Amino acid sequence: PHSWSMIENELGILKGDYAPKQCAFTMKKVGEAIENLPFKELPKSEIDAVCVIPYQESSYMSIASSAYILAKQAGINMTFMYCENYNAEIPDAKLYVIPGYGFWPTMNVNVYKAICEKVKNGASLLVTTESNTLVNSREVFQIATKGIKKAPETFVADFGEYKLPISYATKYLAYSTGAEVLAKDSDGTVIFSKNNYGKGSTYFLNFPIEKYTFDNTDSFISHPYYKIYQTVAQDILKDKPA
């Protein structure tokens, strides 16, 4: 362990006198268990969804970690990609998630268009937003806006089979121009919607679910926010035996 960072002084698998910590013995047991398996290689993990992050910066780690937890709770395997470059390769997946954290002003439009092409060919796309402007929202999501409203608001939204607390700092006044509205608030603002786009589907969530669950960590347990992810992954989950 080193001494120039208070937190990192606790890192490592050895104590100050080089004696192994308990985690070292556990890692050894895991290694031995893998070596004793009746096959040489573990099967490759099947990736269901790709979470798209615009930049490799620590400020997005909170959003990425929440997306990962929600995906695991929903029963889907998620991987991540960064789209710093305009020609970033988009992995093939059945579902793409673009979590909202002020991404849209900075996300590379070529990457976004490439993802939309994947959706046209049969994939699904979930975009969550925090009062941001969507690119081609009428075409891709069949969603338009009357503007934004800077007025903190908290209420319980009805999603049909479940209800979830929703909290706005700035409200994106979205309305449907053809999308199926899956949830809305008392004044008719669209909270959750679905649109058929080519052979695939686009979902719009007018709520920064990843940011909210990270800031209110008990909400992972106290409310079924993961059901949003289950809804957009329904075609994936129906083919999973467990």
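Could you tell me whether Val97 is surrounded by 14 or more Cβ atoms within 10 Å (Cβ to Cβ), touching a Leu at 6+ places or on another chain (Cβ under 9 Å) and either closer than 29 Å to Ile236 by Cβ or at pLDDT below 90 (or both)? It is true that Val97 is surrounded by 14 or more Cβ atoms within 10 Å (Cβ to Cβ), touching a Leu at 6+ places or on another chain (Cβ under 9 Å) and either closer than 29 Å to Ile236 by Cβ or at pLDDT below 90 (or both). Counting only residues that are open to solvent by less than 10 Å² (accessible area, probe 1.4 Å) and touching a helix residue (DSSP H, G or I) at 6+ places or on another chain (Cβ under 6 Å), region 154-178 holds 0 of them. Is one or more of the residues making up region 144-153 surrounded by 17 or more Cβ atoms within 10 Å (Cβ to Cβ) and hydrophobic (A, V, I, L, M, F, W, C)? Looking for residues that are surrounded by 17 or more Cβ atoms within 10 Å (Cβ to Cβ) and hydrophobic (A, V, I, L, M, F, W, C), one finds none in region 144-153, hence no.
Within region 189-220, can you find the residues that are open to solvent by less than 70 Å² (accessible area, probe 1.4 Å), farther than 23 Å from Arg138 by Cα and outside any loop (DSSP other than H, G, I, E, B)? Hits for region 189-220 are Glu210, Lys211, Tyr212, Thr213, Ser219, Phe220.
Contact map, region 20-40: first residue under 18 Å from Glu10 (Cα atoms), second residue at pLDDT below 95 and open to solvent by less than 60 Å² (accessible area, probe 1.4 Å), Cβ cut-off under 9 Å, separation 6 or more or different chains; pairs are Lys21/Gly12. Checking region 221-237 against the condition returns no match, with no residue being touching a Gly at 6+ places or on another chain (Cβ under 9 Å), farther than 16 Å from Leu95 by Cβ and open to solvent by less than 30 Å² (accessible area, probe 1.4 Å). Scanning region 16-52 for residues that are assigned to a helix (DSSP H, G or I), of a type in the set (D, E, K, R) and open to solvent by 100 Å² or more (accessible area, probe 1.4 Å) yields a total of 3.
When region 60-88 is filtered for residues that are surrounded by 22 or more Cβ atoms within 10 Å (Cβ to Cβ) and at pLDDT below 85, only Cys83 remains.
The values are calculated or read from the model by the stated rules, or taken from the named source; none is laboratory data. Given the structure is predicted, the values throughout are model-derived calculations rather than measurements. So basically every Cβ, Gly included, is an ideal-geometry build from the backbone, and we count neighbours across all protein chains shown. Side chains included, ligands, DNA and RNA excluded: accessible areas come from the protein's heavy atoms. Shrake-Rupley method; radii C 1.70, N 1.55, O 1.52, S 1.80 Å.
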